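Heads up: the structure comes next, in structure tokens.
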């Protein structure tokens, strides 16, 4: 395991004051790797917070070019990067924040061909993808490779977040065994909502890696930012789940 | 008995309301509650929440209080229960 440098001790000084975290926790972050897909409204903030916290290696996957409608929430994209690949803007911004970061920047979204390789090279997966097809692929790969998966999602001023531990908690397929009916891929949302969920998702990943606190395992945090109400809902595994039902 | 139901996300948008307070017969089940909601709101609810066979679509998460009940819609409700229909949401 790589030890911290003196520069890193100075950069991460304030978070290393956190009880139970300290230099051992920071060292775990430095030696950890996280997949964030995609780097849109949610994933931008997840990746940025993980880069700021000193996670050693990030694998980020995001296809397409920056569009004007990205800019209200995708904080790794800038006006100057309009029309250029999103992944390039994301990588540049993350390295501006943390030049020590080791990044694999993949200029495509998760698909059936790349999902196994993307998941197998990291310790933790954070799913910020908009399409249920991508999310189901990630869930299946994370379960089969026994990797923790943080699920971040939002709509309008609402958010849902949970952390999946294969064989211990419900997986995404337990919660949503089928693709939602008449589900619309585009939806209303503020950047402040995706930012809120992104920070929560990043904190879940940090806690998983550092082994501190209580994660949202077996629980779903539902946030209603319109009413400023937060609820934690207990989830149930589906013993007949086609993806994780065999892991009893 | 009186049951309060809360709608979220796309379901809340489609119904243009955050919830309903419904009067149900005693020993009514979660499935009975869905039938009442369907009768009350019709197509906007059915389009998102019902399968072709009339059952609740399995992608919706159903909670009584702060406990998700999975796909067991035969659960009997109690007066004063608060049921939340968590409509599926995603990243973006």
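Every number here is computed from the coordinates shown, using simple stated rules; none is lab data. Fair warning: this is a prediction, and the values are worked out from it, not measured in the lab. A quick note on method: Cβ atoms are made from the backbone with ideal geometry, for glycine too, and the neighbour counts reach across all protein chains shown.
Worth pointing out:
- Peptide A:185-197, shielding by other chains (average Cβ, 10 Å cutoff): 1
- Based on DSSP H segments of at least four residues, each scored -39500 (n - 2.57), chain B has a per-residue ellipticity at 222 nm of -8000 deg cm²/dmol.
- Overall, the anisotropy analysis places the stretch A:22-121 in the oblate class: the square-rooted eigenvalues a ≥ b ≥ c of its C-alpha gyration tensor yield a/c not less than 1.5, with a/b not exceeding b/c.
- Here the spin labels are modelled as points 7 Å beyond Cα on the Cα-Cβ line, and at residue A:146 and residue B:17 they lie 5.0 nm apart.
- Scattering profile of the stretch A:117-248 at q = 0.17 Å⁻¹ [log10 I(q)/I(0), Debye over alpha-carbon scatterers]: -0.92
- Point-to-point label distance, residue A:168-residue A:1, nm (Cα→Cβ direction, 7 Å offset): 1.7
- Counted by neighbouring Cβ atoms within 10 Å, the residues A:17, A:183 run from fewest to most as A:17, A:183.
- Note on the stretch A:184-240 and the stretch A:116-153: Cα centroid distance 15 Å, given to the nearest whole angstrom.
- Intensity falloff of the stretch B:2-86 expressed as log10 I(q)/I(0), Debye formula with alpha-carbon point scatterers, at q = 0.22 Å⁻¹: -1.09
- Ratio Rg/Rh [Cα only; Rh per Kirkwood] for the stretch A:74-193: 0.97
- Tensor-based shape of the stretch B:37-92 (alpha-carbon gyration tensor, a/c under 1.5 rounded, otherwise prolate or oblate): oblate
- By average C-beta atoms within 10 angstrom, highest first, the peptides A:137-143, B:8-14: A:137-143, B:8-14
- Rg and Dmax [Cα atoms of chain A; Å; Rg one decimal, Dmax integer]: 17.3, 54
- Value at 222 nm in deg cm²/dmol, rounded to 500, when DSSP H runs of n ≥ 4 in chain A each add -39,500 (n - 2.57): -10000 deg cm²/dmol
- Based on Cα contacts under 8 Å between residues 6+ apart, the stretch A:32-234 shows a relative contact order of 22 percent.
- Kirkwood hydrodynamic radius (C-alpha pairs) into Stokes-Einstein, the stretch A:161-215, 4 °C and 1.567 mPa s, D in µm²/s: 95
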